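S.K.: Dropping the structure in here first, questions after.
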Amino acid sequence: MSNKFLRGTFVLTLGTYISRILGMIYIIPFTALVGLNGNLLYQTGYAQYTIFLSIATAGFPAAVSKYVSKYNALGDYETSRRMFKAGLRVMLLTGVLAFLVLFFLAPYFAKGALSSDQLNGITVEDVTFVIRMVSTALLVVPIMSLIRGFFQGHQSMGPTAISQVIEQLVRIAFLLGATYYILKIMDGGNLVLAVGYATFAATVGAIGGLIVLIVYWLRRKNSLLAMKENEIPAHEVSIKSIFKEVLRYAAPFVFIGLAIPIYQLIDTYTFIGSMRAAGYEEIITDHYAITVSMLPKLIMIPVSLATAFGLTLIPSVTEAFTTKNYEGLRRQIDQTLQIIMFLVLPAVIGLSVLAGPAYSVFFGVKSLELGKDILMWYAPVALLFSLFTVNAAILQGMNKQKLAVISLVLGILVKLALNMPLIQMFQSVGSIAATALGYLVSLIYGFAMIKRHANYSYGVLIKRTFLIIAFGIFMGLTVSVTQSILDIFITYSDGRMQSVTVLAISVIVGVAVYLYVAYRSHLLEKLFGSRILKFIPGRRREY
């Protein structure tokens, strides 16, 4: 795997992780301010926005990344530049159209999400207001996303990483500031108004991220545009032909990008109705807020790694596929999947074992037992999210976009078929099980297609996965014992500070044990190369 690929992955992973961590930290004060009712209102309003955002961008940012990478690999920079300029105009148009549709149809979406005129004091008018506030982000985010895709197509991940962090910082500062002011300083403390402005923070954050990208663009404009002369004669393609090619790339990216939002939207529209039909009216708010609104944010932290790998993998795989470097392609697939397993698997095992203190740290001790139980079941699903993201990126990079779409559709059909009956039987765990089964079906199909079209052998991956599982189980047992010992002196259920102490010590012990056994078995060296050993204190001299 090239140093450029690993460097790009590291930069984007770092930016994504910082962004995700910031996105988790704000949940602590936000939940303390608005409670479970506020979280329920936030999610019912936000779910539709994520779908419309994917439709508005139409897969263009990822398609631009792939398109630019392809023509740059051929030495035709002029064609990719023309596409980028035309793409900006398209993103502006689709963003405005998506905003208008979501804004004016907000009452219908609100009614569908609540499954009635009101739930626990939250009305259709309340959800409508929240949806309309967040819809304004559609005017900014598509353009910002396209510029990120252009930088990524040049395998320049820094602008995307920095803009993600700034976007998140600005969003969180506005979100918490506005929520606190409305609830604690303004007379009346209107919860609906506070949550509305909390969702509007997506627009404010996007403006901050866009400004960062514009600054990068102005600094690098000469090197990206004027100084890159074609190595070959430019392809004689019209703007219409360019868009036909981009749309062929982009359409599958729309569906793949919609994977997690579609699963969440299915829960948004079926969870409340299913719980009500099964007679669980009294506990709907707690289960919905925890399962559909709060925990997905925590689960997405391990998934961030796979997202970063996917974004850097697409142009890299495309370049290998375009230049017919099939051996390099298979090597890249192999190492990427192994690294994902090595990093994400122990993370989800640790999160499942430490579900109690982890939930308490981020969401407080209210509904702790319920949150702990749900998180323990939900954590392993993060591994399926991660593998699906990378799986789809590999297929798209090899121009097998249709297969990636088929993979997703199969999973969604499973989720749709099983979600309502499983929720009625097992409440929140039923929703999680339906999600897990859906992704599992997608993965089985996707891996089969990768094997067929890349002539990829899973032998080494399977062997190392069993080794990683063994290391992960050993780490999980160590973490569990550590937590049990700490419970003698510190009870995490007593408060957030106690939970932070238990979580921090347990995580440090778990990471140290996992890395040590990986180092002693030479797995670290095999995955990351011998240079990783220089970061390990006291390593053996022969390395």
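S.K.: Could you work out how far apart the two model spin labels at Tyr326 and Ile211 are, taking each label as a point 7 Å from the Cα in the direction of the beta carbon, and quote it in nm?
M.R.: Placing both labels 7 Å along Cα→Cβ, they lie 5.2 nm apart.
S.K.: Anything over 29 Å Cα to Cα? Flag those among Lys324/Lys526; Lys70/Lys297; Lys184/Lys366; Lys111/Lys400; Lys111/Lys372, in the order listed.
M.R.: From Lys324/Lys526; Lys70/Lys297; Lys184/Lys366; Lys111/Lys400; Lys111/Lys372, over 29 Å: Lys70/Lys297; Lys111/Lys400; Lys111/Lys372.
S.K.: From the phi angles alone, apply the Karplus equation (6.51, -1.76, 1.60; θ = phi - 60°) to the range 102-112 and give each ³J(HN,Hα) in whole Hz, x where the residue is Gly or Pro.
M.R.: 5, 5, 7, 9, 3, x, 6, 5, 5, 4, x
S.K.: Past the 16 angstrom mark, what percentage of all C-alpha to C-alpha distances in the range 442-500 do you count?
M.R.: For the range 442-500, the share of Cα pairs beyond 16 Å comes to 65 percent.
S.K.: Another question about this same structure. Which residues in the range 352-379 have a backbone N closer than 12 Å to a point placed 7 Å from the Cα of Ala32 along the Cα-to-Cβ line?
M.R.: Of the residues in the range 352-379, 361-365 have backbone N under 12 Å from the label point off Ala32.
S.K.: Across the range 407-474, how large is the tail of the calculated P(r) beyond 18 Å, expressed as a percent of all Cα pairs?
M.R.: Percent of Cα pairs beyond 18 Å in the range 407-474: 56.
S.K.: Something else about it: How much FRET efficiency would the formula 1/(1 + (r/R0)^6) give for Glu78 and Asn455, where r is the Cβ-Cβ distance and R0 is 30 Å, rounded to 0.05?
M.R.: 0.30
S.K.: Starting from the Cα coordinates of the range 80-189, work out the convex hull volume and express it per residue in Å³.
M.R.: 129
S.K.: Give me the distance in nm between label points sitting 7 Å out from Cα along the Cα-to-Cβ direction at Arg520 and Ser480, one decimal.
M.R.: My value for the distance between the label points is 2.0 nm.
S.K.: Rounded if a/c is under 1.5, else prolate if a/b is larger than b/c, else oblate: which is the range 385-543, with a ≥ b ≥ c the root eigenvalues of its Cα gyration tensor?
M.R.: Oblate, since a/c reaches 1.5 and b/c is not below a/b.
S.K.: Okay, next question. Can you compute 3J(HN,Hα) from phi for each residue in the range 331-345, using the Karplus curve 6.51 cos²θ - 1.76 cosθ + 1.60 with θ = phi - 60°, rounded to whole Hz and x for Gly and Pro?
M.R.: Computed from phi, the couplings for the range 331-345 are 5, 5, 4, 4, 5, 4, 5, 5, 5, 4, 4, 5, 8, 7, 4 Hz.
S.K.: For the range 392-397, in order, what is each residue's ³J(HN,Hα) by Karplus, 6.51 cos²θ - 1.76 cosθ + 1.60 with θ = phi - 60°, in whole Hz (x at glycine and Pro)?
M.R.: 5, 4, 5, 4, 5, x
S.K.: Per residue, how big is the convex hull around the C-alpha atoms of the range 163-217? Give it to me in cubic angstrom, could you?
M.R.: About 52 Å³ per residue, rounded to a whole number.
S.K.: Rounded if a/c is under 1.5, else prolate if a/b is larger than b/c, else oblate: which is the range 342-475, with a ≥ b ≥ c the root eigenvalues of its Cα gyration tensor?
M.R.: Taking the square roots of the gyration eigenvalues as a ≥ b ≥ c, the range 342-475 is oblate.
Rule-based calculations on the coordinates, nothing more; no lab input. Since the model is a prediction, treat every value here as computed from it, not as a measurement. Note that each Cβ is placed from the backbone with ideal geometry, even for glycine, and that neighbours are counted across all protein chains shown.
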